[in-house]
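Visitor: Dumping the structure here so I can ask a few things about it.
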Protein chains: 2
Amino acid sequence: MKKNTRNTKAKAEILKFINSSTRAVSHLDIQKSLGEFCDRVTIYRVLERLTEEKSIHRIVNVDGVINYASCSSCAAHHTHNHVHFSCINCKELSCLENNEITLTLPEGYQFKEAFLTVSGVCKECVDRSLV
Amino acid sequence: MKKNTRNTKAKAEILKFINSSTRAVSHLDIQKSLGEFCDRVTIYRVLERLTEEKSIHRIVNVDGVINYASCSSCAAHHTHNHVHFSCINCKELSCLENNEITLTLPEGYQFKEAFLTVSGVCKECVDRSLV
DNA sequence: ACAATATCGCAACAATGTTGCATTAAATGA
DNA sequence: TCATTTAATGCAACATTGTTGCGATATTGT
């Protein structure tokens, strides 16, 4: 008995926002963007659904905040172990290219997922602080 | 005008708990362990202080929960970019040896810190589930 | 169009983290 | 040792973030 998912306005709008964003966005980002478009709870539920459908993916930021992205560059090497960059100033979360990593686990360990994030200051914020 | 920190009972007790734990612990773990020993708020403030003093360090777990550890093996190579391993079963958080990583940031970016965590199942849990 | 039911909005709740302020207790020097 | 200074605590109140139940609504297959 498979549960069918429906394409609702909320889902479409949220996915559009995530797809059009250059960085991973949090629940709060979405809420601010959508305004009164839909309820706070709906956003939680849509995000859950979209994640299950694998239309987006979850990234835990270095401050513990969960972000969502449909990061096409991520998708391209989703099975690989690539690194995310998190700006401590503007909170931008992006994918770092050219950082494919080979991880070696000790004998007997089972690998599930890699969470690789570097924190720092992105170019935009560096430039802005120098002005 | 440097601010002096004091060694209080709460701080001592919390640090003792973290040091004696084999895994990284959350605020909730500490609260459960200490019971009525001190206030919830005090734990938050002590953790903040201990982190500033670098007596412990913060690790964001793969589920977004912030954990604290005094991981001695971490301390040894704290300046390097080494990888943590987080067991999804027993929650054990340990350091992975032989995984020194070279990270390359885009031009103009400033590096601050690397958060590298691999989730999976540790040997102990793998063995146990096979029995 | 109609029925089935996935999804929504709302309210209420739970968990987690923060702030202000009066009180307590470390650390220091007399 | 004792008084003084002020860091740290406890408490209350608040803020933020995430969850759950349920009646109402809207999407989808027929």
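The values are calculated or read from the model by the stated rules, or taken from the named source; none is laboratory data. Owing to the predicted nature of the structure, the values given are computational and were not obtained by experimental measurement. Here the Cβ positions follow ideal geometry from the backbone for every residue, glycine too, while neighbour counts run over all protein chains shown. Ligands, DNA and RNA are stripped out before the accessible areas are found, and what is left, the full protein with its side chains, is counted by its heavy atoms. Shrake-Rupley method; radii C 1.70, N 1.55, O 1.52, S 1.80 Å.
Visitor: Multiplying the sequence separation of A:Thr104 and A:Asp63 by 0.36 nm and subtracting their Cα-Cα distance, what value in nm do you get?
Guide: Working: separation 41, 0.36 × 41 = 14.76 nm, distance 2.60 nm.
Stretched out fully, the A:Thr104 to A:Asp63 stretch lengthens by 12.2 nm.
Visitor: Next question. At 0.36 nm per residue, minus the direct Cα-Cα distance, what do B:Ala12 and B:Arg128 gain on full extension? Give it in nm, one decimal, please.
Guide: In short, 38.2 nm is gained.
Visitor: Still on this structure: In a shell of Cβ-Cβ distance under 15 Å around A:Asp63, excluding A:Asp63 itself, what net charge do Lys and Arg (+1) and Asp and Glu (-1) give?
Guide: Result for the neighbourhood of A:Asp63: 0.
Visitor: Moving to a separate point now. Between B:Thr117 and residues 5 or more places away or on another chain, which pairs have amide H atoms under 5 Å apart, with H built 1.01 Å from N, and which residues are they?
Guide: A:Phe115, A:Leu116, A:Thr117, B:His84
Visitor: Right, something else. Mind jotting down a quarter of the surface of the convex hull over the alpha carbons of region B:9-69, in square nanometres, one decimal? Show your work: numbers first, answer last.
Guide: Details: hull surface 15.2 nm².
About 3.8 nm², averaged over all directions.
Visitor: How charged is the neighbourhood of B:Val25? Take every other residue with its Cβ under 10 Å from the Cβ of B:Val25, and add Lys/Arg as +1 and Asp/Glu as -1. Mind dumping the intermediate values first?
Guide: Details: positive: B:Arg23, B:Lys32, B:Lys91; negative: B:Asp29.
Overall, the nearby charge balance is +2.
Visitor: I would also like to ask the following. Take the alpha-carbon centre of region A:4-52, take the same for region A:93-123, and report the distance between them in whole Å.
Guide: If we compute the Cα centre of each part, the gap is 26 Å.
Visitor: Also: Please list, in order along region B:46-56, the HN-Hα scalar couplings obtained from phi with the Karplus expression 6.51 cos²θ - 1.76 cosθ + 1.60 (θ = phi - 60°), rounded to whole Hz, x for Gly and Pro.
Guide: Residue by residue, region B:46-56 yields 5, 4, 5, 5, 4, 5, 5, 6, 6, 7, 9 Hz.
Visitor: Then there's this: Can you give the average number of partner chain beta-carbon atoms within 10 Å of each beta-carbon in peptide A:117-125, as a whole number?
Guide: Values: counts 6, 12, 6, 8, 6, 5, 6, 2, 3.
If you average over the peptide's residues, the count of other-chain Cβ atoms is 6.
Visitor: With +1 on the Cβ of every Lys and Arg and -1 on the Cβ of every Asp and Glu, and nothing else charged, how large is the dipole of chain B about its Cα centre, in debye rounded to the nearest 20?
Guide: Working: 17 positive and 15 negative charges, 130 e Å.
Dipole about the Cα centre, nearest 20: 620 debye.
Visitor: Take every residue in peptide A:54-64, count the Cβ atoms of other chains within 10 Å of its Cβ, and give the average of those counts.
Guide: The shielding value for this peptide is 3.
Visitor: Output the relative contact order of chain B, whole-number percent, from Cα pairs under 8 angstrom with separation of 6+ residues.
Guide: Relative contact order here is 21 percent.
Visitor: Could you state how much accessible area is buried at the A-B interface, both sides summed, with a 1.4 Å probe, in Å² to the nearest 100?
Guide: 2800 Å²
Visitor: Does the protein assembly as shown come out rounded, prolate or oblate, given a ≥ b ≥ c as the square roots of the eigenvalues of its C-alpha gyration tensor, rounded meaning a/c under 1.5 and, failing that, prolate meaning a/b above b/c?
Guide: rounded
Visitor: Moving to a separate point now. For the pairs A:Lys91/B:Lys112; A:Lys123/B:Lys112; A:Lys112/B:Lys112, note any where the Cα-Cα span goes beyond 20 Å. If you can, show how the numbers build up before the last one.
Guide: Values: A:Lys91/B:Lys112 13 Å; A:Lys123/B:Lys112 13 Å; A:Lys112/B:Lys112 27 Å.
Pairs exceeding the cut-off: A:Lys112/B:Lys112.
Visitor: Excluding same-chain residues fewer than 8 positions from B:Lys9, which lysines have a Cα within less than 20 Å of its Cα?
Guide: Answer for B:Lys9, where 20 Å is the Cα cut-off: B:Lys32, B:Lys54, listed by chain and number.
Visitor: Let me ask you something else. Looking at the square roots a ≥ b ≥ c of the eigenvalues of the Cα gyration tensor of region A:9-130, which shape do they give, rounded for a/c under 1.5, prolate if a/b is larger than b/c, or oblate?
Guide: Working: a/c = 2.16, a/b = 1.27, b/c = 1.70.
The shape class here is oblate.
Visitor: What does the highest-first list of A:28-39, B:113-124 look like by mean Cβ count within 10 Å?
Guide: Highest to lowest by the protection proxy: B:113-124, A:28-39.
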